Structure formats: structure tokens, C-alpha cells
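For reference, the structure is listed below as C-alpha cells.
The values are calculated or read from the model by the stated rules, or taken from the named source; none is laboratory data. Just so it is clear, the structure is predicted and the values come from calculations on it, not from any experiment. Note: ideal-geometry Cβ built from the backbone for every residue, glycine included; neighbour counts use all protein chains shown.
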Amino acid sequence: MKKRVLSFLFIITLFSLTAVSASAVVNDTLKVGIRWGDTALEAANLENAAGSGYEFGYYDEDREFVYLDETDETTITMQASGSGNGVTVTETRSGEVLFQFRDNGYCLGIRPMGRHTETWCKGYKYPGGFEYRPNADGTLTVINVVDIEDYVKGVVPYEMDKDWPLAALEAQAVCARTYAVKTRHPSLGFDVCAGTDCQVYYGRNRATDMTDAAVDNTAGEMIYYGGKPADTVVYCASNGGATEDAANVWSSIPYLVGKKDPYEAKTNIPNYNWTVTYTADELTWILEQKGYSIGTVKNVYVAEFTPMGNVSKVTFEGSRDSVTVKGETCRTIFYSSTYNKSVKSQRFTINGAGASSGGIYINDSNTVIRSLEGISVLSGGGKTVRLDGSASVLSASGISTVGEGQTPAFSKDGTFTITGSGSGHNLGMSQYGAKAMAELGYTYDEILKFYYTDITIK
């Protein structure tokens, strides 16, 4: 076994791998960014959990590992060096140089010796190998090069509680696998990231026999729409009672269609109902930081609800101007790390004025109208009359008003209390809903076909 290679110069003349392909899975292999951007490392350490050393080389365009040399040292450190994709590998404790990679075409690849080995990196144990991409500031982007099934085994126990019923874990596995097949960060050199912007992935630390079984039981299965893998298979922790049409949050996606969710209420969901209060000064500052200059905030209200009862528009009235935001911004605009405050889902009211004041149910509990557009009534004289503006209806629960949104509920003390339920963007599968359905005996494919419209699983 070799311990020391002072330098290796390899000139690529036929192909330069500067970006990954549009399809994330190449030979069943993914590239997962685990350290990039603000989290990129000046010195990237590895420790071979199996204690067998490492092979040095690079991953070619087919993501096959091309061997150059090896070391029997089990603790190594990588640092950018020279120009291009240069990286120096040293033994972590002694600083002894083990390998120098100075190729300008490919990036340094490292994998542990033997099969089915796992490697420690920054406290997490990862399967597969690694790729190191030097950045202009001297740091390294660290990429885990891993089989897609091993990747999914690392996602499931971080995106869903490892002790939940098997059918829920299986549904999560199919979602995670489907999401991963589309390259989402080609400019950074990897397919998916390891954080919440994509799917949470920290290797094998939380994996159990049950979570691994969920992946093995659904091996290779993905969600398809129109004969192709669905490329926006998103999910949320909970929806508060109803999912939403993607068109009301992001843009139209045919298999992300809003529907009432009767299942979440059948399981225990921590912090399901929540409340957050903002002062006018806090909202004024938050809006200014996000580029909205409307003066001092005087009032905030939900300007429009969707037929599912989720928020689709919020209006801020200020001393100089007003602004109305829509879609997911209705939720994200309230986020502030400075004040440690946020609105957790698309399902909320402000100062108590909510969906009940903006619509009425007719015929049955699944039909609701919140606008008079296209609505006519039969008058006492037998004539059909088209309604306009707003109207009120007397029901067993009292008077309900239908109009063009929510009547502003002005703050009496300069504060605005937002009360809601659920957590996330309200699109796709509810993870707690999946748990509830599994507890009721539904299978993973039944769970997925409830939350995603007109899909197939294969």
C-alpha cells in the first residue's frame, strides 16, 4: 500500500467536466453537495470508518472512478493548491504530503478502500466517495458521490421520523428518490444539495433497519406524471387541514392540486396550531429589508383566500404606500432572523379575520365560494339576478359574507397577531398526513396517490 505520492499531473485533452448533466442520475450515481458556498471548507478532513485507507483519482463523465494512486493512511486532509483544480492531500496529524492533484480538466476524487465502506466527514458518516472542487477564495466545495439508493437511505431518516410506520417511510422514500433525479445545482457542480433547499441528507448517522427497509422495499420506484418522472415532487411537514394548488403558491404544476386533508386531524402533531405577533415597527423594518418602502406599517390583512382556505394574497398598508404580495411570499415575507419570527404555513389569519369571514359553504362541506364572480341567485319574483360586490348569507352558524377578500381587521394597539396551523408551503404530501394514513392502514402508494393527482408509481 502506498503512503506518499508527491505529485501527479494529468492533462485532459478530450473532455472537461465543468458541469453535471441535466439528468441527475448517471449510472445510478448522484453528486450531492454537502459543503458549498458559505459552508465550503478551507481544509476538508476525512476519516475512513473501516480503517482501510483511500484511493485517489477522479470521476469521469460517466461518474466512473478513474484510479490514480492510493494511501493506507485513514485520516487525511484536502486543501486547494496552485491554479485550476489543484488540491493537496496530507495526513491529518503529521501534515505529511500524500498526494498532489493538479489536473485542470477534472476534479480530485477520493474514495475509501473496499466495498460498502463509510467515511466520516465533519461528524457525519457517508457512503460512497467524494469530489473536491476548488473555489476562487481558496475553499473547497465538497461533494458526496453516491449510489442513489444509498442517498435515499440517508434522506429518509432526516426528512421523516425514523420510528414512524413503515408505509409512511416508504412514501417518503419514493418522494426522495423522485426528487433527486433532476439536477438542481448544475452551476455548482452537483445535482442536489444536502440542506432544506433540496432534501436533508447527512449520510448514515440516523439510518435504522426500518428506514433502510423502506428504501429497499421501494427500490427504483418513482412518481410519474404523463409518462415521465415528476420533477417537482415536494412535500411539507403538515398542511393545517388542506393542501394547495401549486398555481396559488409558485406556478401551475398539474399533479400538485389542492384538496381538503382529513387525515392530519387523526394523529398527534406537535405545535400544529401556532401564533406569532409582530409590532408595526417590526413589520416596517422587515419590509424595508426586503425592498418594500411603504413607510410605517399601519395595517396588514389577508386580501385573498384560496378555495381551500389557504392564504393567496396579503396586503400591507403604510403611511406612504401599500403593497400586496401573493403566493408563497405571503408566508416568507414575514420571516426575520433578527426578530426570530416567522409564519409557518400558508394557512393563517391576521388579527382574527380569516377564511370564515371571506366565504360560505354551499351544498356540502367541500364546496365553498369566496368571490361573487359568476354567481347568480334566484329572487323572490322568480328572476335570476347576477351578484356583484359583496353579499351576506344567514346560516345556522350566523351571518357569513362573500366578497373580494377579507375585510381589513385594524390593529387597536399597533400589533398584528397571526394565528395559523400546519408547517410548510402546503404543497404535495403532508408528512404527518402520511403518518396518519399509515396508522389507519393505508399503503405507501395509496398515500402518494391521495396527495399527488393523476400520478403513477413505477
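Check V181, V174, V200 and return the single one that is assigned by TED's automatic domain parsing to the domain that holds I447, aliphatic (A, V, I, L, M) and crowded, with 21+ Cβ neighbours inside 10 Å.
Of the residues listed, the single one that is assigned by TED's automatic domain parsing to the domain that holds I447, aliphatic (A, V, I, L, M) and crowded, with 21+ Cβ neighbours inside 10 Å is V174.
Take the stretch 58-76 and flag every residue that is assigned to a strand (DSSP E or B) and of a type in the set (S, T, N, Q).
Matches in the stretch 58-76: T71, T75.
Quick check: anything in the stretch 300-313 part of a strand (DSSP E or B), without any contact (Cβ under 8 Å) to a residue 40 or more places away in the chain and either of a type outside the set (D, E) or not assigned by TED's automatic domain parsing to the domain that holds D445 (or both)?
yes
Given the criterion crowded, with 20+ Cβ neighbours inside 10 Å and either in a helix (DSSP H, G or I) or touching a His at 6+ places or on another chain (Cβ under 7 Å) (or both), identify the matching residue among L256, L287.
After ruling out the rest, the residue left standing is L287.
State all residues of the stretch 207-230 that are surrounded by 15 or more Cβ atoms within 10 Å (Cβ to Cβ) and among the charged types (D, E, K, R); if no residue qualifies, say none.
Scanning the stretch 207-230 gives D212, E221.
Name the pairs whose Cβ atoms lie under 9 Å apart, with the first residue in the stretch 93-104 and over 16 Å from E47 (Cβ atoms) and crowded, with 18+ Cβ neighbours inside 10 Å, the second at pLDDT below 95 and among the charged types (D, E, K, R), and 6 or more positions between them or separate chains?
Listed by first residue and then by second, the contacts come to F99/R4.
Among the residues of the stretch 260-284, how many are acidic (D, E), surrounded by 18 or more Cβ atoms within 10 Å (Cβ to Cβ) and either in contact with a Cys (Cβ under 6 Å, 6 or more places away or on another chain) or within 30 Å of V297 (Cβ to Cβ) (or both)?
Residues in the stretch 260-284 being acidic (D, E), surrounded by 18 or more Cβ atoms within 10 Å (Cβ to Cβ) and either in contact with a Cys (Cβ under 6 Å, 6 or more places away or on another chain) or within 30 Å of V297 (Cβ to Cβ) (or both): 1 in total.
Is it fair to say E118 is surrounded by fewer than 23 Cβ atoms within 10 Å (Cβ to Cβ) and either at pLDDT 95 or above or among the charged types (D, E, K, R) (or both)?
Yes, satisfied.
For the stretch 266-277, does any single residue satisfy the condition of being at pLDDT 95 or above, more than 25 Å from A434 (Cβ to Cβ) and aliphatic (A, V, I, L, M)?
yes
Using the structure shown, decide if E131 is buried (at least 23 other Cβ atoms within 10 Å of the Cβ), among the acidic types (D, E) and not in a helix (DSSP H, G or I).
Against the criterion (buried (at least 23 other Cβ atoms within 10 Å of the Cβ), among the acidic types (D, E) and not in a helix (DSSP H, G or I)), E131 qualifies.
Pick from the stretch 17-46 the residues that are in a loop (DSSP other than H, G, I, E, B) and at pLDDT 95 or above: which of them is surrounded by the most Cβ atoms within 10 Å (Cβ to Cβ)?
If we take residues in the stretch 17-46 being in a loop (DSSP other than H, G, I, E, B) and at pLDDT 95 or above, then W36 is surrounded by the most Cβ atoms within 10 Å (Cβ to Cβ).
Give the stretch 105-147 a look and list any residue that's of a type in the set (K, R) and in contact (Cβ under 8 Å) with a residue 40 or more places away in the chain, or say none.
Result: R111, K122, K125, R133.
Okay, residues lined up against (1) assigned to a loop (DSSP other than H, G, I, E, B); (2) more than 15 Å from E170 (Cα to Cα); (3) among the β-branched types (V, I, T); (4) in contact with a His (Cβ under 7 Å, 6 or more places away or on another chain):
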| position | (1), (2), (3), (4) |
| --- | --- |
| D413 | yes, yes, no, no |
| I418 | no, yes, yes, no |
| N426 | yes, yes, no, no |
| A434 | no, no, no, no |
| A438 | no, no, no, no |
| G441 | yes, no, no, no |
| E446 | no, no, no, no |
| K449 | no, no, no, no |
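All but one of (1) at pLDDT 95 or above; (2) touching a helix residue (DSSP H, G or I) at 6+ places or on another chain (Cβ under 7 Å); (3) not hydrophobic (A, V, I, L, M, F, W, C) hold for D454; state the number of the condition that does not hold.
(2)
Answer yes or no as to whether N144 is at pLDDT below 95 and not hydrophobic (A, V, I, L, M, F, W, C).
no
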